[in-house]
Amino acid sequence: MSIYLQVKRNVEAPASEYKAPPDTGFEAAWVRAFVGEQPPAMGSELRERFFPQLGTPDPDEPPAPGAVARRTVFLAHGSYGAVPTPVLETACGWMRKIEHNPVHFYYDLLFPYLVRSLRESAELVGALPTNVVLVTNVEFGIAAVLRSLELLPGDRLLALDFNYEAVLYALEEVAARTGAVIVRVPTTMPITQESIVRDVAAALDAPAAGKGPIKLAVFEHITSPTGQVDLDLEALGADYYVTNPHKWLCNARGCALLYVSRQHHARVHPVITTWGTNKGMHAEFVWQGTADYSTQISLAMAVRFFRWLGTSAVTRRNRDLALRAGDLLARVWGTHTLSSDPAMTASMAVVRVPDVYVDPAAPAGNAAGCADDTCSFSNLHDELLARHGVEVPVFVIHGQRYVRVSVHFYNDMDDVAHLARAMLAAQRYPPTHEAYDRLRNAFEPHDTSNKSGGDWGDAVDTPDNEPTLPPSTRTVEPDGTTVVTTYSFSEKNEIIKNVKRIRKKLVKTAVNHAVAERKKWKKFGESAGLPAGPDTNSTSLGEVVFLKLSWNTREQAKAAESEAKTPALAGNTNIMCRICKGEHWTTKCPYKDTYKPINEIKDASDLAKEDKAAGAGPSKYVAPGARSRAAGGPDLGTSMRTERRDDANTIRISNLSEDTTEDDVRALVSKFGSTSRVFVAWDRDLGVCKGFAFVGFYDKSAAERAIEKLNGYGYDNLILRVEWSKRD
């Protein structure tokens, strides 16, 4: 069967019959973490764990003049998103995996994993898998839809005046080519749900709008001033829908979802003609030519990460944070939000920028208006970033400047408070201005952590049956233990209480003077400017090394101690070894494992008598190593190894792929416990793995867990067999 027809069959298969490909090793580690761990509290704790690079200086770019040496407050998630560690490592893992065998990847692995991403993301947005395809970005999806339209001169295309600029350019190109007419709806302020409906109706009735049929109406479900919303595409009833998961879902960039209602499947085609032409919509879209598909494959990990945090909890929490941010920023700056309707806010708050401060005593005419260069995007945006460490978009709507505060689960009210103060400083407000009093009154009485609650919530229209999160608490017990209690929502909209106990212990250790001095050296490269000590972004801590002593160490120590306590014989001040007659204790003799005591060694005449007594003829030769056995003693000289390796906690892993290395096996089993050895059977002639490996654990329980979890586990497209190692 053609691989394109296989894609079509796997997409159309019912959920009960569809079998997803196995998780790779670098994916399985995160999946297990999602199952066994509770997600961290949203805000700074989540940012530190899953977005460690976000806002940190780029080591390849010199700091701008006057730039602050601090972590940038990132309030621009709606621009290009941010990728959490699980998704980033998954995308990078697939990029590395391709290089093992690019032909095998594109022929055998790519399509099954693309279908996995499509099905999991379709379920998240409330769509049937048969109605969703993966594309590169929103522009690509819009171009595919516009290409499918059969437009005639006079046909109308409807769009709002604040629609995404790239979409408007695409509409203009189609209109110029076909003779269609673009009806661009001017919106009135303030923007509400009712005002948009009223503005659209007025635009359609205007004489300049034309009378041709409306072939396409473009509405932004998530406009630049709104943000993230819950999706149920089948219930929405749109003909087409396209979205960028790298923003709201935090997927890697270069992947988008295009929803096409079933009645339009036959007419929608990708921008480029592919190998799947005439085999169905999914066969045509699944292959976009030779390209990097790691971002589309990593979409499944982004969906799992989002579900782990709780889709409803994230949406609700981000909306509450955006509402609170917009209200407090407008109050501090003495301005207003773009929309007064809370229903128009999701995870973005658009707030008008305060005017540049003008001293009342200054001569008239010095105030800067929006026609002046001081109102440009570059000036204010660059100053907020370089001098105050805030990344936030600044743009003009209806002749007035606004900031678009885009928040996500790694932001909190501390970020908003920093923006409020930075804006006042950038607009030259003196510290004695009343705006700073409003700033203190607006933010200080409230807990700036990532939770709902406080008097600002009175302005939010919340249904009576919708639960709200209790406030987080941080208390210090008499023994110094800090107890942090946070709350989150589960998938079933139930409140989960999370309690974390933190106890700090000061440990002082003596270190080498040279080591202490070396830690004070100035850092360079990617770590330039960081404080002294190891940094998790650039330093990896080695694993704990266990020391396993030999079986007779304790007996030797006891013997030496006993012999040391034995008093010397009266009148004898010399110490003589019983084995070699040297002046040292017998237990310290270097020949104790080689020779017998001298008084026990028999001479040649004694051996001859023993041989004769044993019935040996005069011409029969007995090897020295066998003479002891003939006399009833052990063999001598048969082996220098007196003990065998302890394989009690060793397991055997079979059915490994040919390109498996010791590092791969070590990474596979490291999560179960510390290992004493890892051995991969290697074919020296072919330079490949023979298909099996041995792993020794220090702890038997760790070996048992490895057998339980890995036996039958899918690894590198093979099913592993894991069992106890058996000595032949």
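Using just the C-alpha positions of region 1-62 as equal point scatterers, what log10 of I(q)/I(0) does the Debye formula give at each q in 0.23, 0.27, 0.30 1/Å?
Each listed q maps to, in turn, -1.01, -1.12, -1.17.
Which distance in nm do the two modelled labels at ALA648 and ASP437 give, with both placed 7 Å along the Cα-to-Cβ direction?
A separation of 7.8 nm, rounded to one decimal place.
Would region 36-172 count as rounded, prolate or oblate if I go by the C-alpha gyration tensor, calling it rounded below 1.5 in a/c and otherwise prolate when a/b exceeds b/c, oblate otherwise?
Cα axes put region 36-172 in the oblate bin.
How far, in nm, would the chain grow between TYR169 and LYS211 when pulled straight, counting 0.36 nm per residue and subtracting the alpha carbon separation?
12.9 nm
TYR698 to LYS671: extension gain in nm, 0.36 nm per residue of separation minus the Cα-Cα distance?
Working it through step by step, the gained length comes to 8.4 nm.
Return the FRET efficiency for the residue pair LEU128, LYS500: r is the Cβ-Cβ distance, R0 is 35 Å, and the value is rounded to the nearest 0.05.
Calculated transfer efficiency: 0.30.
Carbon and sulfur together cover what percent of the accessible area of region 268-316 at a 1.4 Å probe radius?
57
Which of the pairs LYS671/LYS700; LYS19/LYS709; LYS247/LYS709 have their Cα atoms more than 24 Å apart in this structure?
Beyond 24 Å: LYS247/LYS709.
Keeping all protein chains in place and using 1.4 angstrom, which order do THR311, THR337 fall into by accessible surface area, from largest down?
THR337, THR311
Obtain the nm distance between the two label points defined at ALA514 and TYR18 by a simple spin-label model: each point lies 7 Å from its Cα along the Cα-to-C-beta direction.
That separation, rounded to one decimal, is 6.2 nm.
Which value in nm describes the separation of the simple spin-label points at VAL688 and SER312, placed 7 Å from the Cα toward the beta carbon?
Spacing of the two 7 Å Cα→Cβ label points: 5.1 nm.
Can you pull the semi-axes for region 126-199, root of five times each eigenvalue of the Cα gyration tensor, sorted largest first, whole Å?
The three semi-axes for region 126-199 are 24, 20, 12 Å.
Within 10 Å, count the other beta carbons around each residue, average over each peptide in 509-522, 267-280, 122-135, and list them highest first.
122-135, 267-280, 509-522
The values are calculated or read from the model by the stated rules, or taken from the named source; none is laboratory data. No experiment lies behind these values; they were computed from the predicted model shown. Cβ atoms come from the backbone with ideal geometry, glycine included; neighbour counts cover every protein chain shown. Heavy atoms of the whole protein, side chains included, go into the accessibility calculation; ligands, DNA and RNA do not. Shrake-Rupley method; radii C 1.70, N 1.55, O 1.52, S 1.80 Å.
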